[in-house]
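Working notes, structure below.
The values are calculated or read from the model by the stated rules, or taken from the named source; none is laboratory data. Keep in mind the model is a prediction, meaning the values are calculated, not measured. So basically every Cβ, Gly included, is an ideal-geometry build from the backbone, and we count neighbours across all protein chains shown.
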Ligand SMILES: Cc1cc2nc3c(=O)[nH]c(=O)nc-3n(C[C@H](O)[C@H](O)[C@H](O)COP(=O)(O)OP(=O)(O)OC[C@H]3O[C@@H](n4cnc5c(N)ncnc54)[C@H](O)[C@@H]3O)c2cc1C
């Protein structure tokens, strides 16, 4: 099979990229999705809070996905379900495994939109037996919201990432008792609105600077021992206490899904665990683009959609041979900033430059300062910045073109 653009992954990033590639004027666009339906992680996120930027409405995950799935159908975009992409080479030959066997596709351009997966118990060295009743928060969410299984009645949640917070509310609404959310760090890893709407509104305690030191139970979880964590992030002796529970949900981080990218030879950023991209969302391999959670973990789907349009449009331009590459400058995370996407800005592209970043710590009444070489080109005041909420800044490409040097963003005075 031959296509102009093949998109790997049919979540919001893949759908947005495919629609934009088609709108840019391409005929043959294909989405390959390993799951039984399009929509990605949104299909299991039945709570509201999606689409405030994109549609100025508060939608549920499936509602947000449906709008894009319908658009993809209106644009006659081809898609394959239950089909897993196994490999992509530098010439954009794609091997996938579908219901009827192996499929071999050549494409002029490729967009990677494989999303991310959750860190599991193995990644955090949780001592104790391996009883049933330990789930990642996302797996429990899928069981409850899509398969119709209640995963437990007395619950402890480890980690205060957004999925854990949302599951605290979800399990409470379904009649479970959520004993506590345990977080190692001095601040939550989730959005403030989720702390308020999912914990505070339901009187669920959030125990900051605490960790789980033991999981009890042989066949089924019987409880967990928790302890306060000290400055060295280790449990403080004498502060241990037992919490009885039959279920432990883990919400301890997400990892961009990049085994495929690595096999293709795409360079990854060790801070984001996603491909290094430029402002067209192009990776180090010309004609291979990436967007969404596969690049860096997003907290808002609206930003995923914004990024996917850039990737889709530029993949289409590349496929039409209308892509012009020029000198590029690097972006660098300065003091107080943990990472920036994109990592390069191509001065030959007309694409506007939106920098996405996360700060390292909690900052109040500070400025984000952008320098190009020695020149300050942008300053933005922020009343409150926290690592769990992504920051974005829009830069004027013409200003960068007229100056020399790389771009650095830092938090003023840190
Ligand atoms: C629990 C939870 C709650 C959230 N709540 C909100 C919220 O309230 N508001 C908000 O705006 N955002 C929220 N988000 C964030 C938002 O949903 C995500 O950022 C967004 O869905 C990511 O989109 P994506 O397309 O990059 O990834 P996904 O949606 O994960 O899509 C990736 C797709 O790629 C497919 N895939 C992977 N590998 C392959 C392969 N090799 N071959 C074929 N297909 C493949 C997967 O099956 C999947 O369908 C939430 C996320 C989660 C997990």
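The table for this structure:
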item: Pick from region 49-62, criterion more than 7 Å from the ligand (Cβ to nearest atom) and outside any loop (DSSP other than H, G, I, E, B), ranking: farthest from residue 197 (Cα to Cα); result: 62
item: Tally, over region 381-409, of residues that are surrounded by fewer than 18 Cβ atoms within 10 Å (Cβ to Cβ), more than 25 Å from residue 309 (Cα to Cα) and within 25 Å of the chain's Cα centre (by Cα); result: 4
item: Test for residue 65: is it farther than 22 Å from residue 143 by Cβ and either away from the ligand (no atom under 13 Å from the Cβ) or assigned to a helix (DSSP H, G or I) (or both); result: no
item: Boolean, residue 214 is surrounded by fewer than 17 Cβ atoms within 10 Å (Cβ to Cβ), in a strand (DSSP E or B) and at pLDDT 95 or above; result: yes
item: Residue 109 vs. criteria within 15 Å of the ligand (Cβ to nearest atom), within 24 Å of residue 304 (Cβ to Cβ) and surrounded by 13 or more Cβ atoms within 10 Å (Cβ to Cβ); result: no
item: Options 333, 316, 290: the member that is within 29 Å of residue 120 (Cα to Cα), touching a strand residue (DSSP E or B) at 6+ places or on another chain (Cβ under 7 Å) and away from the ligand (no atom under 16 Å from the Cβ); result: 333
item: Scan of region 1-38 for residues that are more than 18 Å from residue 87 (Cβ to Cβ), within 24 Å of the chain's Cα centre (by Cα) and assigned to a loop (DSSP other than H, G, I, E, B), ordered by number; result: 10, 11, 35, 36, 37, 38
item: Filtered residues of region 1-15 (kept if near the ligand (Cβ under 8 Å from one of its atoms) and either farther than 10 Å from residue 31 by Cα or touching a helix residue (DSSP H, G or I) at 6+ places or on another chain (Cβ under 6 Å) (or both)); result: 11, 12, 13, 15
item: Among (1) closer than 30 Å to residue 2 by Cα; (2) at pLDDT 95 or above; (3) within 15 Å of the ligand (Cβ to nearest atom) - the single one residue 157 does not satisfy; result: (1)
item: Residue match in region 77-97 (condition: free of Cβ contacts under 8 Å to residues at least 24 places away in the same chain, part of a loop (DSSP other than H, G, I, E, B), within 26 Å of residue 27 (Cβ to Cβ) and assigned by TED's automatic domain parsing to the domain that holds residue 13); result: yes
item: Qualifying residue in region 82-98 (condition: within 24 Å of the chain's Cα centre (by Cα), more than 11 Å from the ligand (Cβ to nearest atom) and modelled with pLDDT of 95 or more); result: no
item: Residue that is surrounded by the most Cβ atoms within 10 Å (Cβ to Cβ), among those in region 112-139 that are away from the ligand (no atom under 16 Å from the Cβ) and part of a strand (DSSP E or B); result: 134
item: Single condition residue 175 does not satisfy, out of (1) over 29 Å from residue 234 (Cα atoms); (2) in contact with a strand residue (DSSP E or B) (Cβ under 6 Å, 6 or more places away or on another chain); (3) assigned to a loop (DSSP other than H, G, I, E, B); result: (2)
item: Long-range neighbours under 6 Å by Cβ, at least six apart or interchain, first residue assigned by TED's automatic domain parsing to the domain that holds residue 159 and touching a residue at least 60 places away in the same chain (Cβ under 8 Å) within region 201-217, second crowded, with 16+ Cβ neighbours inside 10 Å and not in a strand (DSSP E or B); result: 215/126; 216/222; 217/131
item: Top-ranked residue of region 282-328 - restricted to ones that are under 15 Å from the mean Cα position of the chain (by Cα) and not in a helix (DSSP H, G or I), ranked as nearest to residue 164 (Cα to Cα); result: 299
item: Leading residue by the ranking (farthest from residue 22 (Cα to Cα)) among those in region 310-352 that are buried (at least 21 other Cβ atoms within 10 Å of the Cβ) and touching a helix residue (DSSP H, G or I) at 6+ places or on another chain (Cβ under 6 Å); result: 311
item: Scan of region 27-66 for residues that are surrounded by fewer than 16 Cβ atoms within 10 Å (Cβ to Cβ), over 20 Å from residue 112 (Cα atoms) and in contact with a strand residue (DSSP E or B) (Cβ under 8 Å, 6 or more places away or on another chain), ordered by number; result: 48, 58
item: Residue 233 vs. criteria in a loop (DSSP other than H, G, I, E, B), within 14 Å of residue 127 (Cα to Cα) and either out of contact with any strand residue (DSSP E or B) (no Cβ under 8 Å at 6 or more places or on another chain) or touching a residue at least 40 places away in the same chain (Cβ under 8 Å) (or both); result: no
item: Evaluation of residue 169 against (1) within 16 Å of the ligand (Cβ to nearest atom); (2) surrounded by 19 or more Cβ atoms within 10 Å (Cβ to Cβ) (one fails), failing number; result: (2)
item: Pairs, first outside the structural domain of residue 144 (by TED's automatic domain parsing) in region 39-67, second near the ligand (Cβ under 6 Å from one of its atoms) and in a strand (DSSP E or B), C-beta under 8 Å, six or more apart; result: 42/50; 58/49; 58/50; 59/50; 60/50; 61/50; 63/50; 64/50
